[in-house]
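Novice: Pasting a structure here, questions to come.
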């Protein structure tokens, strides 16, 4: 079952990256995550969205899995993830 607010997420997909640009805090987040786990570790991102964090993590060698309730957000992630390194599922993680 997909969350009732999924329609909100579908509308957000077209403007999400304007609100949260890739360079906004991505590097700081990746450096923080690097203190928690070595490359090669499995990572689960709930609300993976457009892959702003997930794709760079996969590029750094993490095995990234994500869940999101928005098909539009996942479509943007797939576009960004040209190598198909992030495993993503459509679903409501609540």
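Novice: In region 26-67, how many residues are free of Cβ contacts under 8 Å to residues at least 24 places away in the same chain and farther than 12 Å from residue 87 by Cα?
Specialist: The qualifying residues number 11.
Novice: In addition: Which fully enclosed helices (runs of 4 or more DSSP H) of region 1-62 have 1 or more residues being modelled with pLDDT of 90 or more and within 15 Å of residue 78 (Cβ to Cβ)?
Specialist: 54-59
Novice: Being at pLDDT 95 or above and part of a helix (DSSP H, G or I) is the filter here, so list the residues in region 78-94 that pass it.
Specialist: Within region 78-94, 78 is the sole residue that qualifies.
Novice: Give me a count of the residues in region 70-88 that are farther than 22 Å from residue 29 by Cα and in contact with a strand residue (DSSP E or B) (Cβ under 7 Å, 6 or more places away or on another chain). Break it down into steps so the answer makes sense when it comes.
Specialist: Step one: filter region 70-88 for residues farther than 22 Å from residue 29 by Cα, giving 70-72, 75.
Remaining after also requiring in contact with a strand residue (DSSP E or B) (Cβ under 7 Å, 6 or more places away or on another chain): 71.
Result for region 70-88: 1.
Novice: Can I ask one more? In contact with a strand residue (DSSP E or B) (Cβ under 6 Å, 6 or more places away or on another chain) and surrounded by 12 or more Cβ atoms within 10 Å (Cβ to Cβ) - does that describe any residue in region 25-43?
Specialist: From region 25-43, those in contact with a strand residue (DSSP E or B) (Cβ under 6 Å, 6 or more places away or on another chain) are 42-43; that's our starting set.
Subset that is surrounded by 12 or more Cβ atoms within 10 Å (Cβ to Cβ): 43.
Yes, some residue in region 25-43 is in contact with a strand residue (DSSP E or B) (Cβ under 6 Å, 6 or more places away or on another chain) and surrounded by 12 or more Cβ atoms within 10 Å (Cβ to Cβ).
The values are calculated or read from the model by the stated rules, or taken from the named source; none is laboratory data. Just so you know, these numbers come straight off a predicted model, no measurement behind them. Virtual Cβ from ideal backbone geometry, glycine too; neighbours counted across all protein chains shown.
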